[in-house]
Each structure stands twice: as structure tokens, then as C-alpha cells.
1. Looking for something over 20 Å from Cys186 (Cα atoms), of a type in the set (Gly, Ala, Ser) and either in a helix (DSSP H, G or I) or open to solvent by less than 60 Å² (accessible area, probe 1.4 Å) (or both) - is there at least one such residue anywhere in region 60-72?
2. Report, by residue number, each residue of region 86-124 that is in a loop (DSSP other than H, G, I, E, B) and on the phi < 0 side of the Ramachandran plot.
3. Given the criteria closer than 22 Å to Trp294 by Cβ, of a type in the set (Gly, Ala, Ser), modelled with pLDDT of 95 or more and open to solvent by less than 10 Å² (accessible area, probe 1.4 Å), does Ala163 qualify?
4. Quick one: which of Tyr89, Tyr96, Tyr79 is within 26 Å of the chain's Cα centre (by Cα) and at pLDDT below 85?
5. Have a look at Tyr89, Tyr96, Tyr21 and point out the one that is touching a Gly at 6+ places or on another chain (Cβ under 8 Å) and among the hydroxyl-bearing types (Ser, Thr, Tyr).
6. What number of residues within region 137-160 satisfy the criterion of being under 19 Å from Met383 (Cβ atoms) and either open to solvent by 10 Å² or more (accessible area, probe 1.4 Å) or among the polar types (S, T, N, Q) (or both)?
7. Identify all residues within region 222-233 that are under 20 Å from Leu175 (Cα atoms) and surrounded by fewer than 24 Cβ atoms within 10 Å (Cβ to Cβ); write none if there are none.
8. If you go through region 242-251 one residue at a time, do you hit one that is among the aromatic types (Phe, Trp, Tyr) and more than 16 Å from the chain's Cα centre (by Cα)?
Amino acid sequence: MISLGWWNLVIIITVAWFLKYNWRLDRDQTAWQDSLFLKAPALQKFSQFCSRPIVNWIFQAVIILAVTRFLCYTIWLVYDLTNRPEPPYWDFKWFYVASKLAHEHLSPFNVELFNQGFCRITKVCGLIPSFVYPPNIIPPIWFLGYFPMKTAFTIWTVLHLIATGFVLWGANILLESQSRALRTICSISVAFLYGFVFDLQVGNVATFIAMLLLWMFILARNNRDLPAGILLGIALFKPTLVVLFIPYFIIKKRFYLVLVSIITAIILALFGLAISGNSLTGFLQDAIRGFPLWLNDPSNNPYISMSRIDLRVVGPRFFPDSPFLAKLFSDLIILVLVGLVSWYFYRKQSRNAWSKNIDLAEMVLVSCLSIAINYSQPTSSVMLAPAVVFLLNDLCFQIKNCVFSGKRMSVWLLGVGCILVQTAVIHAGLLVFLGKRWNWKGGELPYLLKVTVFSLPSYAVLGITLSVLVLAMTSGQKQVGEFERSP
């Protein structure tokens, strides 16, 4: 599984030492010892089984090897990406070309100009998918155009690592437990989400969006609406993952936060239009032309794409020969999901007269809906970082305050299982590996696999949303807004 070379052995020893040093419950130890939850017969038997020396050793070995392999792969990936003579032919080049064209006062939103610029700047020519981001993307990526492409990509990679660090920091702030063991589990679980590795690999912006939204939420729960609104406004350069937070904060009556975010996005958009040599009407015309062309690319087309994880692809996979039934089926699933989440919000409003406080469950549900409703790639799974924290918080709450419930634990395990589907272990190790056996861009994926194995990420998004919804409705967790800790 891992080459036992000298450096790998050093990393294995380092990881083992780090996990051993941090595998402590600290102040939670007493609460767990008195827990009625852990005294359930089923958990007692499971605990006795895990305490056997051979089982305990195997468990520790698997964790150490998995973390070591992930760490080694990440280090190798960063080294490989930053030492190539040219950046990989992936998402980063779209942002770099857009920045370069904006420096030349040319519009990257124009299909012909972008295609010509892509060929001239990257030396990669052919049928290039359109650049379909809104104009407020230009100011955040403007700096890329000042550097040669290789240097810009190295900076882009370093920024991804910094953003990932901020996500892990934010996740630990939202984690209720102070124990080192649970904080270690939280950090490892979040880092294992496939989106972080894949986003680093392709140079997308999803990690930046996850960072902005997570810290927007941390600031908003502490009633710091001005910086929270600015972060939300900046994040709107990828509206598919962000736009649902606008109506959410309107419902929560955080009008100042919404106003700041909209003003921020408008200023960035106007600046982006000005420096890219475009007008609002010109951008709209280019977007209307470019979006259908982009959507019909094999990587994005819901009837062909192997990599999409949103629910919009479920219908086309089940009914590839009937566009009407395909759209109806997907819309029906999404409508039911939105209805259930809306019902949860309504129930909270009827009990609490809808306070302005926000809790983690609500952020998780809005994040899951953002992935499920709109076009989402594997990079979008970074939005599930709050879901990892919620599941850990829920488990800690149940252990400290409740009696074991088999039904509720089954729902929790469903959520954990769906999170596992979105990790690099399953998504990259299983789905990507299997997908390479067929010419999926030519539509050659077997129908049965297409509606089962290759739809697992989409089903997982649905499963996470439903499990969090049930857990939130049946839990007595305090609202995050009531916590007095500050970041």
C-alpha cells in the first residue's frame, strides 16, 4: 500500500507519534465515563471487541497507514504540480487566461475571444469550453495576469494550501468538544474530503468558496455582519455554491449582512466588467451564448458526465432517452428535498418565533442544497466540511446527554457512510478508477453502473441532507449562535 522507503518510514513514525500524543479525550473523559449512551449493551460489546489487542492494533495500523498515504500523496502532488514545466490542462488555465485577457482589456466571456486567447496563451487549441463565471470573478483572479503561467500556478497552489488550513481551523472552532482526540478526528475527516485534493489538483476555486463561507458563518454567529457580508459578497463569484445563503439570511432577518454582500458583489462585478472591456448588456449576450456551449461539453453534460455530484444528473442517468422524464424526475427529487428542509425551518420558526441566531445544522442544510440543486463537480464536496463537524457534534451530544437509540444511531451512521462516499478513498480510489475503464466522454458507461456506482456521490449528497435533517429535528443541541466561544 505504501512504499517502505526511508522517508515514508519517517512519515509513518511521525504520524503515529502525532496521533498517539493527540488521542486524548481530556475534559470529556469524565462525561464519557458516566455516559448512559455508552453503557448500552450493544456498545459495550462493540467496545470489548475493539479493546482486544489484535483488533486495537489493526485499527491503529489502518488509521496510521491511511493518514500516511494521504499525507505522502498530498506532498507528492504539490511537488509534482509546482515542478512541472507547464501547469496541468485543467481549471487553473481558465482563470489564468481570463486574467490575461482582462489585462489586455478583452472580454473572457466572449466565446471566440476566450477560445483564441486560450490557444495563444496556453498553446492548447481546439474546442475549449466557455468561461461562464460572472464578472465579479475578475478582481479576485486579477493578480494572476502579472506572472508567467508557471509562477502563477505555484502561487495558486500555495493559496489553496493556505485556504485548506483556514477551513480546518474554522472546523475546529465550530467543533464543540475541546478534546484533542475529537479535534484530530475532525481535522483528518475534513481533509479526507475528495474536494480538497481534487480542487488542489485541478486548480478550481471551490476551496476558496468553502473557506469564505465557513468564516462568514463564524463571523455571522458572533453578530459581525459587516465582515461576514463582505466574505459572502466575495464568494458570490461562484454563485452555484453560494446564492442560497442570500435567501437564508433574508429569512433569518439578517438584512444588513445581505445588503453588504450584495453591494460587495455589485462593486466587484462592475469593476470586473470595466477592466475586461465589457458592458452589462455585452456580458449578458456572451453568457447566453456561452452557457449552453459549456453545458454540452462532455465533462458537464448531465447525460454524459461521470463526475457531477448534484441531483440534476440523476434523472438523465435513469431516463437517458426521455428528456422530459429525466427533468421531471430530477425536479421531483429536488422539490421534495427543498420541501423537507423548508418544513424544518418552519417548525423552528413556529417554536422559537424565528430568532436571528443561526445554528450549524442550518448551514449544513443550505450547503447540501447548494450542491444538490445546482451544477456541482467533485470539487464542490468541500462544502461538506460543516457536515463533518455537525455529525461529530451530534455524536458528542448524544454520548454526554442521551440514552442510546438504535434508530437514531442508524441515521447518524447513514450520514457518516454518505460522507465516506465523498472522500478521496472511495470517490477517487473507486469511482475514478472504474471510470477509466470506459470512454465515458463518448457516453460508453454501462447503464447499470451509471445509475448505481457512478451515481453514488449524488445519492450521498441526498443521504447527508436527509440524515442531518432528521438528526437536527430530533436533537436537543444548542444553537451555534448561543455559544460564547469566539474564533
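The values are calculated or read from the model by the stated rules, or taken from the named source; none is laboratory data. Note that this is a predicted model, so its numbers are computed, not measured. Cβ coordinates were reconstructed from backbone atoms using ideal geometry, including for glycine residues, and neighbour counts include every protein chain displayed. Heads up: the accessible areas ignore ligands, DNA and RNA and are worked out on the full protein's heavy atoms, side chains in. Shrake-Rupley method; radii C 1.70, N 1.55, O 1.52, S 1.80 Å.
1. no
2. Of all residues in region 86-124, those in a loop (DSSP other than H, G, I, E, B) come to 86-90, 104-110, 123-124.
Across region 86-124, the qualifying residues are Glu86, Pro87, Pro88, Tyr89, Trp90, Glu104, Leu106, Ser107, Pro108, Phe109, Asn110, Val124.
3. Working: closer than 22 Å to Trp294 by Cβ: no; of a type in the set (Gly, Ala, Ser): yes; modelled with pLDDT of 95 or more: yes; open to solvent by less than 10 Å² (accessible area, probe 1.4 Å): yes.
Judged against the criteria, Ala163 is not a match.
4. Tyr89 is the lone residue from the list that is within 26 Å of the chain's Cα centre (by Cα) and at pLDDT below 85.
5. Just a single option satisfies the conditions, and that option is Tyr96.
6. Total satisfying the criteria: 2.
7. Listed by number, the residues that qualify are Asn222, Asn223, Arg224.
8. Within region 242-251, the subset among the aromatic types (Phe, Trp, Tyr) is 245, 248-249.
Cutting the leftovers down to more than 16 Å from the chain's Cα centre (by Cα) gives us 248-249.
Yes, region 242-251 contains at least one residue that is among the aromatic types (Phe, Trp, Tyr) and more than 16 Å from the chain's Cα centre (by Cα).
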